[in-house]
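Just so you know, all these numbers are worked out from the coordinates, no wet-lab data involved. This structure is a prediction, so every number in the text was calculated from the model and none was measured. Cβ sites come from the backbone with ideal geometry, for glycine too, and all protein chains shown count toward neighbours.
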Amino acid sequence: MLTQEKITDALNDVLVPGISRSVSDMNLVQGIELQENKVKISFASTALAESTQDWISEKTREVIKGYEKGAEVEIEFLEKRPAEINRIKNVIAIMSGKGGVGKSLVTSLTAIILNKQGYDVGILDADITGPSIPKMFGITLRPQGNDSGILPVQSANGIEIISINLFLSKEDEAVIWRGPLIGKAITQFWEDVLWGKLDFLLVDLPPGTADAPLTVLQVLPVTGTIIVFTPQDLTTMIVKKAVKMAQQMGKAVLGVVENMSYLYVPEINKKIEVFGKSRGEEMSLAAGAPLLARIPIDPELALLCDEGHIERYDSEVLKSYGAALATVIPASNKLH
């Protein structure tokens, strides 16, 4: 006999083509009406092409009849905007006061760690003129959708990603836009993308404190920021600028990450501080937030990024970063 619980379980097996998350995980299930062996299910048609809607209808009937062979299944699709569908518990902005410090790398590693910890994670690449996230994850597929919204593209391990590079005809095509247009694109990535249910959406911000970072901190419900820096003389001033921007916008600084902190040479078992002595503790005090990680210059990591296999990276530093993240992002933040 059909029950609400059985129907809900069945819908967990109906995956959305192109993203491989269930209709439940994408929060597309809008209603279930059950009367004896007759069931009516309402889905949102958000970002779903007609062929995708047909596939979901067919698969839904199949899984429900697996529980009750003689069930009568009626399916309808309702027009909804992504903003009505998305349920994102935490939005974390990855910031830096200047470019070239590895903000996109830290965003990607943070997403990988949270994904491994069992969270549902997405990345919004807000660095419109310098997007590098798709390259590191080896993603070349174009996002799909319809007039109501866009589906993000999924990484090999299930991280949802949206980036302007996924819409360009060539990945090296330059995006030569003025500030207002960049801000509009970032807003559209937030409002027009079907993210579904996410525990964390990480936003890779452009460097500095100008239009694009301001748009993110004003428009998106950012719950916290992570600030990235390198061990150089100008670091103190630059980190303080990013910290002050976050504070003035009322956004908490969850922690700081020092990238390119050192180069480990295994042959002599020595850490060489290529860019000078670590400023991790100093920057932690300046930000009033913990030092979450000191990420080394790692040739293996660089190679994996170039090859599009960053999700294969594993190291003691990554594990240590994961443990530190857990202290500032408690398990209670899990949506499901």
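At full extension, ASP13 and ASN146 could sit 45.6 nm farther apart than now, given 0.36 nm per residue minus the alpha carbon distance. Between ILE32 and LEU303, the distance separating the two model label sites (each 7 Å from Cα on the Cα→Cβ line) works out to 4.9 nm.
Dividing the Cα convex hull volume of the stretch 84-333 by residue count, how many Å³ per residue is that?
On the way: hull volume 31.3 nm³, N = 250.
That works out to 125 Å³ per residue.
Highest first, please rank the peptides 42-52, 182-192, 121-131 by the mean number of other Cβ atoms sitting within 10 Å of their residues.
Sorting 42-52, 182-192, 121-131 by mean packing, highest first, produces 121-131, 42-52, 182-192.
Applying 0.36 nm per residue to the separation of LEU168 and GLN232 and subtracting their alpha-carbon distance, the gain on full extension is 19.6 nm.
Among complete DSSP H helices in the chain, those whose alpha-carbon atoms stretch at least 15 Å along the helix's long axis and whose mean Kyte-Doolittle hydropathy reaches 0.5 are 103-116, 316-328. Between LYS277 and ARG87, the simple label model (points 7 Å from Cα in the Cβ direction) yields a spacing of 5.1 nm.
Output the pairs from LYS116/LYS319; LYS98/LYS241; LYS89/LYS244; LYS59/LYS116 with a Cα-Cα distance over 18 Å in this structure; if there are none, say none. Mind dumping the intermediate values first?
On the way: LYS116/LYS319 10 Å; LYS98/LYS241 10 Å; LYS89/LYS244 25 Å; LYS59/LYS116 29 Å.
Flagged as over cut-off: LYS89/LYS244; LYS59/LYS116.
Qualifying trypsin sites (Lys or Arg not before Pro) in the stretch 1-97, where qualification requires a DSSP coil assignment and no more than 15 other C-beta atoms within 10 Å, comprise LYS69. For the stretch 4-80, the antiparallel share of DSSP beta bridges with both residues in that region comes to about 50%.
Residue exposure proxy: SER155, SER278, ordered by other Cβ atoms within 10 angstrom of their Cβ from fewest to most, comes out as SER278, SER155. Among beta bridges from DSSP that stay inside the chain, the antiparallel ones total about 25%.
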